[in-house]
Amino acid sequence: MDTHALVAALGPDASAAVHGYRLEVMLEAGRRDLRLVDDLVADLGRLLAERGRPDPLEIRLTFLHCPGRPDLAGRTLRWCPSHGWSSSHRVASAALSHFADSRASALDLVPTSAEVLDWATSGFDGSSVPPTGVDLDDDPRAVRRLLTHAHPLSSRSRAGRRADSGIATEEG
């Protein structure tokens, strides 16, 4: 499932879900005293120059120096709907490591934030080949898991649109 298929399947909730997923992984990293920076925000100028407008349905996070884990500094975690999570290595020419392998299920494309960080900090012994032939929409549980991350602070939340229309809302 590529970005366009995800948008077709989830509509406007796709962007909110990916945004929330990104934030949840970053929050989990913080709970573990790990520091991740969002490449989309940190390198927006470079990304615009290299690729044009960044894809809002991709996640790109980079580990900063983490006390007690200098081995993580500079490693990048990426997520996209077609391959799930992958990680770079400090050596530029090294192959990516993928969370999901060739036998992946759709749910493997959307692991929990704890599973992502367990994998990312365990030595990156994932597959060097991305999963193929599996789509998020192959399993409703995978789609539901992604949608549970829909974040109300994405571009304009439903509550914000209701407030703009004059309908009082209560955030809780």
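Within region 116-144, the set of residues being in a helix (DSSP H, G or I), in contact (Cβ under 8 Å) with a residue 12 or more places away in the chain and out of contact with any helix residue (DSSP H, G or I) (no Cβ under 7 Å at 6 or more places or on another chain) comprises W119, A120.
Of all the residues in region 74-110, those that are open to solvent by less than 20 Å² (accessible area, probe 1.4 Å) and touching a Phe, Trp or Tyr at 6+ places or on another chain (Cβ under 6 Å) number 5.
Output the residues belonging to region 20-51 that are open to solvent by 50 Å² or more (accessible area, probe 1.4 Å), assigned to a helix (DSSP H, G or I), at pLDDT 90 or above and in contact with a Ser or Thr (Cβ under 8 Å, 6 or more places away or on another chain). Those that are open to solvent by 50 Å² or more (accessible area, probe 1.4 Å), assigned to a helix (DSSP H, G or I), at pLDDT 90 or above and in contact with a Ser or Thr (Cβ under 8 Å, 6 or more places away or on another chain): E24, L27. Would it be correct to say that S113 is closer than 24 Å to H19 by Cα, open to solvent by 30 Å² or more (accessible area, probe 1.4 Å) and of a type outside the set (A, V, I, L, M, F, W, C)? Against the criterion (closer than 24 Å to H19 by Cα, open to solvent by 30 Å² or more (accessible area, probe 1.4 Å) and of a type outside the set (A, V, I, L, M, F, W, C)), S113 does not qualify.
Each row is one residue, and each column tells you yes or no for (1) touching a His at 6+ places or on another chain (Cβ under 7 Å); (2) over 20 Å from L61 (Cβ atoms).
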| site | (1), (2) |
| --- | --- |
| S82 | no, no |
| S88 | no, no |
| L96 | no, no |
| S102 | no, yes |
| S122 | no, no |
| P130 | yes, no |
| D135 | no, yes |
| V143 | no, yes |
| H149 | no, no |
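When you look at R145, is it more than 22 Å from L27 (Cβ to Cβ) and basic (K, R), yes or no? When the stated conditions are applied, R145 does not pass them. Just name the residue that is modelled with the lowest pLDDT out of those in region 124-136 that are open to solvent by 50 Å² or more (accessible area, probe 1.4 Å) and more than 27 Å from A9 (Cβ to Cβ). Filtering first and then ranking leaves D125.
The values are calculated or read from the model by the stated rules, or taken from the named source; none is laboratory data. Given the structure is predicted, the values throughout are model-derived calculations rather than measurements. Cβ: placed from backbone, ideal geometry, glycine included. Neighbour counts: every protein chain shown. Only protein heavy atoms, including side chains, enter the accessible area calculation; ligands, DNA and RNA are left aside. Shrake-Rupley method; radii C 1.70, N 1.55, O 1.52, S 1.80 Å.
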